[in-house]
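Values in this text are rule-based calculations from the coordinates and carry no lab data. Being a predicted model, the structure only gives us computed values, none of them experimental. Quick reminder, even Gly has a Cβ in these numbers, built from the backbone with ideal geometry, and neighbours come from all protein chains shown.
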Amino acid sequence: MNKKEDFHPFNLDELEKWMEDYYLDPLSSYLDQLTFRIDLYDTEAQIIVEALLTGCASKDVTVFLKEDSVIITAAKLNDTEAIQRVHHPCMRKVKLPFSVVNKMVSAEFANEILEIFINKNEAGPGCNREIIID
């Protein structure tokens, strides 16, 4: 237990199985087409949730953490309605196999891509909250 790789704040096998299930779930693919695409990445220090928000501006995007979920809401402009500035709200909820509110979370938005960084080792405030997008 003295080795660094032996310490994990959550079960890595459970996380790996969850990611496999997420990508094999037909509902995930359907929602990628219906609303906006979500990709997940696992690094040594972070879990990264990436959303492709074509037609969105950062002011039209919110990220909210609730218990074990990341909720992304975006108001998208349809190409045909861009002149009229009609917004169509859409939302995706990414349920994780651990409490996300107990983790340090940050978000960045650039080039119509939202990246949410969930730190595996740094504790957060432990409450449901909105994340400020840089």
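Can you order the peptides 90-100, 118-128 by their average number of other Cβ atoms within 10 Å per residue, highest first?
Values: 90-100: 16.6, 118-128: 13.9.
Going by the mean number of other Cβ atoms within 10 Å, highest first, we get 90-100, 118-128.
Report, in listed order, any pair from LYS76/LYS103; LYS66/LYS93; LYS66/LYS120; LYS66/LYS95 with a Cα-Cα distance greater than 21 Å. All intermediate terms of the calculation are to be shown ahead of the outcome.
Numbers: LYS76/LYS103 29 Å; LYS66/LYS93 10 Å; LYS66/LYS120 17 Å; LYS66/LYS95 9 Å.
Flagged as over cut-off: LYS76/LYS103.
Order these peptides, 53-63, 39-49, by their mean beta-carbon neighbour count within 10 angstrom, highest first. Kindly include the intermediate steps, with their values, before the conclusion.
On the way: 53-63: 16.5, 39-49: 14.7.
So the peptides 53-63, 39-49, ranked by packing, come out 53-63, 39-49.
Could you compute the net charge surrounding PHE64? Neighbours are other residues with a C-beta less than 10 Å from the C-beta of PHE64; K and R count +1, D and E count -1.
Details: positive: LYS66, LYS93, ARG129; negative: GLU130.
Net of charged neighbours comes to +2.
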Per-residue HN-Hα couplings for segment 105-118 [Karplus 6.51, -1.76, 1.60; θ = phi - 60°; Hz; x = Gly/Pro]: 10, 9, 9, 9, 10, 7, 6, 6, 10, 9, 10, 10, 9, 9
Using a 7 Å offset from the Cα along the Cα-to-Cβ direction at both THR73 and SER99, what is the distance between the two label points in nm, to one decimal? 2.4
